[in-house]
Amino acid sequence: MTNTPTPAVAQDTTPAPPPDLTPAQTVAWLLDAFVNGVPGVTHALVASKDGLTLLASSNVAKDWADTVSAALCGYASLAASTPGPTGTKQHARQIAIEFDDHVFVAMASGVRQHAAFSHRPETEGTVETVLGVHTETAADLGLVGYEMRKLIKRFPQRMKTPVRQELAGAYSGSTHADLR
């Protein structure tokens, strides 16, 4: 697994989503921009801590997204349950799993960014979420992680319970518009 240092902080040149989008449409737009703009990233999705696919990049099939979201829930639970060398449980910053043909990286992405990787009660009225990203094996994971953190910083104000309820009409071009 290639893991290079995080690049120096540069001016953010990420385009802003169109202003007339709903919160769910905005997150869907951000996911597509992330997949299209970060070298080596092939797919991205946001899942709830309990394994429900909330949104995915437009190139992700619904059934595959549901399978990945369920696995992501399991990974988040394992990360929250794994004590460190001192025996204490701490927040996992990210999870990376390397396969022969891709790397899967996950980071907590909700209102309380590490809450998806903890057993603490959720904040009332919020959905704790996890961002899952598939990359090519040659992707620069330092850059991917850096870009994931930048993307996550744009999520919190959009990751409230109403986002989950809004999914029925989320993104007219999304294969996930029928999720409830």
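Restricting the first member to the stretch 135-161 and to residues that are farther than 23 Å from Ile97 by Cα and of a type in the set (D, E, K, R), and the second to residues that are modelled with pLDDT of 80 or more and open to solvent by less than 40 Å² (accessible area, probe 1.4 Å), the beta-carbon pairs closer than 7 Å and six or more apart or on different chains are Arg154/Leu30; Arg158/Thr26; Arg158/Val27. Scanning the stretch 76-87 for residues that are surrounded by 18 or more Cβ atoms within 10 Å (Cβ to Cβ) and either at pLDDT 85 or above or closer than 12 Å to Ala47 by Cα (or both) returns a single hit, Ala76.
What pairs can you find where one residue is in the stretch 68-84 and closer than 11 Å to Leu131 by Cα and without any contact (Cβ under 8 Å) to a residue 60 or more places away in the chain, the other is in a helix (DSSP H, G or I) and not basic (Lys, Arg), and their Cβ atoms are less than 6 Å apart, with a gap of 6+ or different chains? Final answer for the pair search is Ala76/Ala116; Ala76/Phe117. Considering only residues that are in contact with a helix residue (DSSP H, G or I) (Cβ under 8 Å, 6 or more places away or on another chain) and more than 16 Å from Ala44 (Cα to Cα), which ones fall in the stretch 94-111? Within the stretch 94-111, just Val111 meets the criteria. Of the candidates Thr67, Thr42, the single residue that is assigned to a strand (DSSP E or B) and open to solvent by 30 Å² or more (accessible area, probe 1.4 Å) is Thr42. Out of the residues in the stretch 32-59 that are without any contact (Cβ under 8 Å) to a residue 40 or more places away in the chain and aliphatic (A, V, I, L, M), which is farthest from Val105 (Cα to Cα)? In this case the residue turns out to be Ala33. Restricting attention to the stretch 27-39, the residues that are open to solvent by 10 Å² or more (accessible area, probe 1.4 Å) and farther than 21 Å from Asp101 by Cα total 3.
The values are calculated or read from the model by the stated rules, or taken from the named source; none is laboratory data. Being a predicted model, the structure only gives us computed values, none of them experimental. As a convention, Cβ positions derive from the backbone with ideal geometry for all residues, glycine included, and neighbour counts pool all protein chains shown. All accessible areas refer to the heavy atoms of the entire protein, side chains included, with ligands and DNA or RNA removed. Shrake-Rupley method; radii C 1.70, N 1.55, O 1.52, S 1.80 Å.
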